[in-house]
């Protein structure tokens, strides 16, 4: 038992060390340039103080250093950073939860269309394409990397997400209304399918309509959260505060006598000053990343990869209607050759774990004083009732 625990502790320690020295997506990648600039400026000021100033200059330098020290202690930097970061993270969570998904709305439509319809595959393909198109048009409004991939509606047409006559109609609308227009196309397609009796059940029309309106609401919420960004004045105020603290901390350093053991370290290695400042700087960077998560940074949401994933999912759901033979063969073969050994093995595993727990409880019961044996529940404390407790 102790060997297993020590092995688990070793693995956990190794994982923590690996995480600590990871470069991709790390805090080191966010601050390494600024850290080099800060260190060079700090050492440069130390060289100026030690070798370029006379006694009167050093006296003035020390006065400025003392003034900067009082200035840094009076800044409400923690209050501003806390408010800014909490606001950014709340907005980030709201934005992530409001992001639309395509799987539910496409899968519900595919599974509700009757098989063998004359235009069944074309309708399923068009419905799925319009859902993915609405998703792409939504994030094209708020995501600059996706905007660079599809700068115009012609680029969407070249990618196969848009047809020429559809592009002409979208060009007559403003860009912010493009996702709504595509949803209207799908609503008209649902009405046509209902009029032609293509749904398996009379309730499928209403259910698909509800899913489509939920998709529309998610697209609208995503645009709303991205458009109503955090006020620029707040970001500017926090940025000025952090950078002014960093500039002041270059001078607000403790000047020691030349013969103290730590004088060289304090003058030429800004360990404590840099550590405190870059904690604030990282806090600011996290707030900025959360305020706009659709950029090109590796910590941002990869919208281009998400779009490709939605396209792949749509193609798979279309194949479930167009060529269901392979899937039906797998289901039929599994039904006729089903194995229940997994159930027996799982029950045996659970039963063995329960017995081990009962044995340990009985061992604790034997080790307990007589006055404390009543604390153990009766079915588990009584060895004759172990089978009834298991059941």
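Rule-based calculations on the coordinates, nothing more; no lab input. What you see is a predicted model; the values in this text were computed from it and never measured. Counting neighbours? That spans all protein chains shown, and the Cβs are built from the backbone with ideal geometry, glycine included.
Numbers for the structure displayed
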| item | result |
| --- | --- |
| Region 175-223 - Rg over Rh from alpha carbon coordinates, Kirkwood radius | 1.05 |
| Where labels lie 7 Å past Cα in the beta-carbon direction, separation of residue 40 and residue 165 in nm | 6.3 nm |
| Two-site FRET efficiency, residue 173 against residue 240, from Cβ-Cβ distance with R₀ of 41 Å, rounded to 0.05 | 0.50 |
| Ranked packing of 195-203, 121-129, 96-104, most packed first, by mean Cβ within 10 Å | 121-129, 96-104, 195-203 |
| Residues 191, 18, sorted so that the one with the fewest Cβ neighbours within 10 Å comes first | 18, 191 |
| Distance (nanometres) between label positions extended 7 Å along Cα→Cβ at residue 200 and residue 55 | 9.7 nm |
| Taking 143, 68, 219 and counting other C-beta atoms within 10 Å, the order from fewest to most | 68, 219, 143 |
| Added length on full extension, which subtracts the Cα-Cα distance from 0.36 nm per residue, residue 221 to residue 89 | 45.9 nm |
| Over region 99-232, relative contact order from alpha-carbon pairs under 8 Å, at least 6 apart, % | 39 percent |
